[in-house]
1. Might you check whether a residue that is at pLDDT below 90, out of contact with any helix residue (DSSP H, G or I) (no Cβ under 9 Å at 6 or more places or on another chain), of a type in the set (A, V, I, L, M, F, W, C) and surrounded by 10 or more Cβ atoms within 10 Å (Cβ to Cβ) occurs anywhere in segment 103-115?
2. I'm trying to understand the selection: among the residues of segment 69-88, which are surrounded by 12 or more Cβ atoms within 10 Å (Cβ to Cβ) and under 13 Å from A56 (Cβ atoms)?
Amino acid sequence: MLSNAESWVLRPDMAKGTPRVPADTEYHRAFAGEERRIVRGLVAIILLFAGLIGFAQLCLAVASTIDTQLLGRTGFTPLQHAAGAFALALLIPYSMLLQRWLMAFPGAHCIRSPGASGSGSSAALSWRSALFS
């Protein structure tokens with residue numbers, strides 16, 4: 001199904017409006033407001049550390065159960081190693097959600113392309129931007 005019209009993938013992105021943070025602001029000052037919010041940062045660190053321990057324990061418990069009940073293996077197995085790596089990978093979206101919740105950081109809508117509404121992948125793009133907006 002080829003068309004003479006240019007594909008939305010090849011079109012350049014439209015320029016967005018002015019950002020909320022001025023361009024000359026240092027990276028570490030982007031979330032700073034008029035008042036100091038030290039407790040917010042401490043809560044974020046504590047929740048991230050709790051997520052690290054919680055995800056690791058949960059994934060290793062599932063891997064250990066699969067190893068002993070289904071596969072009959074004991075000790076540190078490749079499945080448990082993969083579960084530990086998966087637990088670390090789970091920290092990426094978890095930290096993004098913590099940042100969005102605690103820091104009130106608006107979701108960047110850079111995933112959505114201007115002409116994506118009629119394409120076959122528009123459902124996935126809409127779902128992602130709806131999830132983080």
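The values are calculated or read from the model by the stated rules, or taken from the named source; none is laboratory data. Just so it is clear, the model here is predicted, and its values are computed rather than measured. All Cβ positions, even for glycine, are placed from backbone atoms using ideal geometry, and neighbour counts span all protein chains on display.
1. Checked segment 103-115: at least one residue is at pLDDT below 90, out of contact with any helix residue (DSSP H, G or I) (no Cβ under 9 Å at 6 or more places or on another chain), of a type in the set (A, V, I, L, M, F, W, C) and surrounded by 10 or more Cβ atoms within 10 Å (Cβ to Cβ).
2. Answer for segment 69-88, where residues must be surrounded by 12 or more Cβ atoms within 10 Å (Cβ to Cβ) and under 13 Å from A56 (Cβ atoms): Q80, H81, A82, A83, G84, F86, A87, L88.
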